[in-house]
Amino acid sequence: SWVFNAEQVDGFAAATPERPTAPLFERLEQADKAIAATGAAIEYGGTQAFYDRKADRIRVPDPSAFLGSPTSSPQESFYSTVLHELTHFSGAPHRLNRENGKRFADKPYCFEELIAELGAAFLCAELGITNEPRPDHAQYIAQYLAILKEDKRAIFQAATAATAATAYLLAFSSQSQESVA
């Protein structure tokens with residue numbers, strides 16, 4: 001069977017589900033301040049979340065696009081996504097200088113994804129977004145750990161790097177609080 005994307009079929013208008021115009025959750029002031037304090041260039045819109053290493057910017061869908069899942073609220077999904085991308089941001093050469101993969105699923109790529117997801121879980125806990133890692137964090141981590149299964153130290157090395165990223169990112173909000181005082 002041939003499969004086509006709707007955009008590839010002339011004259012076909014796919015029904016698009018109605019998206020809310022406002023987020024389905026209350027914004028968290030402490031988390032928003034910590035995110036803003038990093039100085040990261042974050043653009044909201046589109047359908048994908050990613051850190052663009054060359055442009056040194058983060059792209060995240062609009063907060064209204066986060067509808068939640070059986071394992072997370074819209075609020076948790078939004079903030080954990082932003083914090084995941086901020087953890088990638090922390091690894092830039094002029095920041096913590098972590099190696100980045102050259103292609104999807106190569107070992108450095110998988111290792112960086114482990115770091116980013118652990119970092120998001122740590123940051124969510126630190127910022128009061130959730131008190132414990134959510135099942136979707138665990139599923140994501142397990143996916144990349146399976147690829148790195150021959151390295152018994154990978155999870156410990158990733159956790160160490162994620163802890164460093166968490167400290168690095170939270171230090172910005174500590175600095176901005178000290179400058180206000």
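For the subset of segment 1-30 comprising residues that are modelled with pLDDT of 65 or more and of a type in the set (Phe, Trp, Tyr), which member is nearest to residue 66 (Cα to Cα)? Filtering segment 1-30 for residues that are modelled with pLDDT of 65 or more and of a type in the set (Phe, Trp, Tyr), the one nearest to residue 66 (Cα to Cα) comes out as 25.
Per the listing 116, 105, the residue uniquely over 21 Å from residue 26 (Cα atoms), among the aliphatic types (A, V, I, L, M) and assigned to a loop (DSSP other than H, G, I, E, B) is 105.
Scanning segment 77-102 for residues that are closer than 15 Å to residue 38 by Cα and assigned to a loop (DSSP other than H, G, I, E, B), which turns out farthest from the chain's Cα centre (by Cα)? Result: 94. For segment 26-45, which residues satisfy the criterion of being among the acidic types (Asp, Glu) and touching a residue at least 24 places away in the same chain (Cβ under 8 Å)? 26, the sole residue that qualifies. For segment 50-70, filtering for residues that are assigned to a strand (DSSP E or B) and either out of contact with any strand residue (DSSP E or B) (no Cβ under 6 Å at 6 or more places or on another chain) or of a type outside the set (Phe, Trp, Tyr) (or both) leaves 6. None of 129, 141 is in contact with an Asp or Glu (Cβ under 8 Å, 6 or more places away or on another chain), of a type in the set (A, V, I, L, M, F, W, C) and part of a loop (DSSP other than H, G, I, E, B) except 129.
This table checks each residue for (1) at pLDDT 95 or above; (2) surrounded by 15 or more Cβ atoms within 10 Å (Cβ to Cβ); (3) within 24 Å of residue 26 (Cβ to Cβ).
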position: 65; (1), (2), (3): no, yes, yes
position: 76; (1), (2), (3): no, yes, yes
position: 87; (1), (2), (3): yes, yes, yes
position: 97; (1), (2), (3): yes, no, no
position: 110; (1), (2), (3): no, yes, no
position: 135; (1), (2), (3): no, no, yes
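Scanning segment 36-46 for residues that are touching a strand residue (DSSP E or B) at 6+ places or on another chain (Cβ under 7 Å) and on the phi < 0 side of the Ramachandran plot yields 40, 41, 42, 43, 44. Close contacts from segment 62-83, counting a first residue that is touching a residue at least 12 places away in the same chain (Cβ under 8 Å) and of a type in the set (Phe, Trp, Tyr) and a second that is surrounded by 17 or more Cβ atoms within 10 Å (Cβ to Cβ) and part of a helix (DSSP H, G or I), with Cβ to Cβ under 6 Å and a gap of 6+ residues or different chains, come to 66/74; 66/77; 66/78; 78/63; 79/31. Taken together, the criteria place residue 55 among residues that are modelled with pLDDT of 95 or more, among the small types (Gly, Ala, Ser), farther than 30 Å from residue 153 by Cβ and surrounded by fewer than 22 Cβ atoms within 10 Å (Cβ to Cβ).
The values are calculated or read from the model by the stated rules, or taken from the named source; none is laboratory data. All values derive from a computational prediction rather than experimental measurement. Here Cβ is always computed from backbone atoms with ideal geometry, including for glycine, and neighbour counts include all displayed protein chains.
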